[in-house]
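The values are calculated or read from the model by the stated rules, or taken from the named source; none is laboratory data. Since the model is a prediction, treat every value here as computed from it, not as a measurement. Cβ atoms come from the backbone with ideal geometry, glycine included; neighbour counts cover every protein chain shown. What goes into the accessible areas is simple: the full protein's heavy atoms, side chains included, and nothing from ligands, DNA or RNA. Shrake-Rupley method; radii C 1.70, N 1.55, O 1.52, S 1.80 Å.
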Amino acid sequence: MERVCLLGATGSIGSSSLEVLRHNRERYRLVSACAGCNYQKLFEIIKEFNLEAAALYDEEAARQLRALVKEAGLKCEVLSGQEGVCALAGAPHDFTIAAIVGAAGLKPALAALNSGARVGLANKEALVMTGQLFFATAKARQAQVLPIDSEHSAIFQCLTERCQQELGRCDLKAAGVNKILLTGSGGPFRTLPLEELAHVKAAQALCHPTWSMGPKITIDSATMMNKGLEFIEARFLFNARAEDIEIVIHPQSVVHSMVSYQDGAVLAQLGRPDMKTPIARALAYPTRINAAVEPLDFTKLGQLTFFHPDFQRYPCLKLAIEASSAGQGQCVQLNAANECAVQAFLAGRIGYKRISDLCAQVLDKGVPHDFDAHSLEDIFALDAAARRQAQAYLQELA
Ligand code: NAD
Ligand code: MG
């Protein structure tokens, strides 16, 4: 039995992970889980999986959860606060699914790596913020990282076994790779007349044409900041140069990404747009398990189409590609600014086009000369500064 820990259990990836675990109870036992503040949902998970430990970031919600656990006579330890979440993540497990959203997931993900667990990484922001430090931590602890983001899972599956074993430092050239083709749906505004973009509301942006996901990543998919963060994520995961990766818009989300080789062969991974597949791939690697996903019916697929992205429509994508080459500091700033902008957009405080404006403004502030990409302290200081700058800009707009 493998002992599994689920970080971000009450979210979209959390729910899909629980589904995969339900279908594979003979092999995996979920022993611990954490979330932000949804204590009712976490309580249901504690009961269903008979968890040994749980954690909530929010102290008040944790108090409520402790009361419920006690009342039900369950033996689940309930931790709280960021310390509690990190303690839970850092306890010994065979496999940890890192699915907290945003920068909040970074410390817990690092704690999981430090414990030496195999880590299934959905929380792309953690990698965007730390890149080399993330893999240096994994290497020092001999912790294996397995991508859960669907595109990166697809690329992983299309790469050689050697590359799979050497994530973070693999040699794409030696593996005969010509290019990584990173696909993205283009989101709900792919064909909207450009002049109408300024007026789109959060509710429209939250209607993703092919994927059902948490609110932050759904907005990121509309702006294609998600693809930008994934570009950065792919560079770190596959030790790729910017010119090794090409972004291709593929509205049907059937091809989850591809690897083109020097001999002219292109390998693609296809499947339904269902995160249970990449979760199962990470969990069971190198074997395969039942993920309770319907196979594709090719006779019903219709057309698969592919386009170049238009940076005028997706300025966030351009900012992210530029940040990935500018350096780790710019990636930290971009991520922080984007989190603030998305939150403000979801709250109705700013218009859609201000998301990219705000990110550009924060990036314009520049990164301190003595910023050290290998120092977690520097990374968090820069993250905090970027958030302050973003908030100041939001005040100006108000
Ligand atoms: P979500 O908003 O649905 O869920 C986020 C989870 O994180 C929730 O359980 C929430 O309680 C928890 N959380 C938030 N703040 C926390 C904190 N401070 N401490 C502890 N837990 C906290 O988000 P999601 O869509 O499931 O996405 C999770 C991550 O996976 C994101 O980084 C996203 O980019 C990535 N991802 C998601 C999908 C998808 O299909 N949803 C696909 C690829 C990658
Ligand atoms: Mg993705």
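Quick one: how many residues across segment 140-149 are surrounded by fewer than 24 Cβ atoms within 10 Å (Cβ to Cβ) and either at pLDDT below 95 or farther than 14 Å from Arg118 by Cβ (or both)?
1
When only residues in segment 125-134 that are under 21 Å from Lys227 (Cα atoms) and open to solvent by 10 Å² or more (accessible area, probe 1.4 Å) count, which is modelled with the highest pLDDT?
If we filter segment 125-134 for residues that are under 21 Å from Lys227 (Cα atoms), which is where we start, we get 125-132, 134.
Filter again for open to solvent by 10 Å² or more (accessible area, probe 1.4 Å), leaving 125, 132.
Working: Glu125: 98, Gln132: 93.
Residue satisfying both the conditions and the ranking: Glu125.
May I ask you to list the residues in segment 70-91 that are more than 21 Å from Tyr28 (Cβ to Cβ) and out of contact with any Phe, Trp or Tyr (no Cβ under 7 Å at 6 or more places or on another chain)?
Lys70, Glu71, Ala72, Gly73, Val78, Leu79, Ser80, Glu83, Gly84, Cys86, Ala87, listed by residue number.
Take the residues in segment 138-184 that are farther than 21 Å from Ala284 by Cα and not hydrophobic (A, V, I, L, M, F, W, C); name whichever of them is nearest to ligand 2 (Cβ to nearest atom).
This residue is Gly184.
Are there any strands (runs of 3 or more DSSP E) wholly within segment 1-59 with 2 or more residues that are within 18 Å of Ala126 (Cβ to Cβ), and if so which?
Because the criterion is at least 2 residues that are within 18 Å of Ala126 (Cβ to Cβ), the strands (runs of 3 or more DSSP E) in segment 1-59 that meet it are 2-7, 28-35.
What tally of residues in segment 37-63 results from selecting those that are among the basic types (Lys, Arg) and more than 25 Å from the chain's Cα centre (by Cα)?
First pass over segment 37-63, keeping only residues among the basic types (Lys, Arg): 41, 47, 63.
Going one step further and asking which of them are more than 25 Å from the chain's Cα centre (by Cα), we end up with 47, 63.
The total comes to 2.
I'd like to check which helices (runs of 4 or more DSSP H) are fully inside segment 213-294 and have at least 1 residues that are away from ligand 1 (no atom under 14 Å from the Cβ) and closer than 19 Å to Cys158 by Cα. Give the derivation first.
Values: elements: 215-223, 225-237, 276-284.
Those helices (runs of 4 or more DSSP H) span 225-237, 276-284.
Considering only segment 100-112, state which residues are of a type in the set (A, V, I, L, M) and out of contact with any strand residue (DSSP E or B) (no Cβ under 6 Å at 6 or more places or on another chain).
Scanning segment 100-112 gives Val101, Ala103, Ala104, Leu106, Leu110, Ala111.
Just to be sure, is Leu206 away from ligand 2 (no atom under 12 Å from the Cβ), in contact with a Pro (Cβ under 7 Å, 6 or more places away or on another chain) and aliphatic (A, V, I, L, M)?
So Leu206 fits the description; yes.
Considering only segment 281-295, I want to know if a residue exists there that is open to solvent by 10 Å² or more (accessible area, probe 1.4 Å), modelled with pLDDT under 95 and at positive phi.
No, every residue in segment 281-295 fails to be open to solvent by 10 Å² or more (accessible area, probe 1.4 Å), modelled with pLDDT under 95 and at positive phi.
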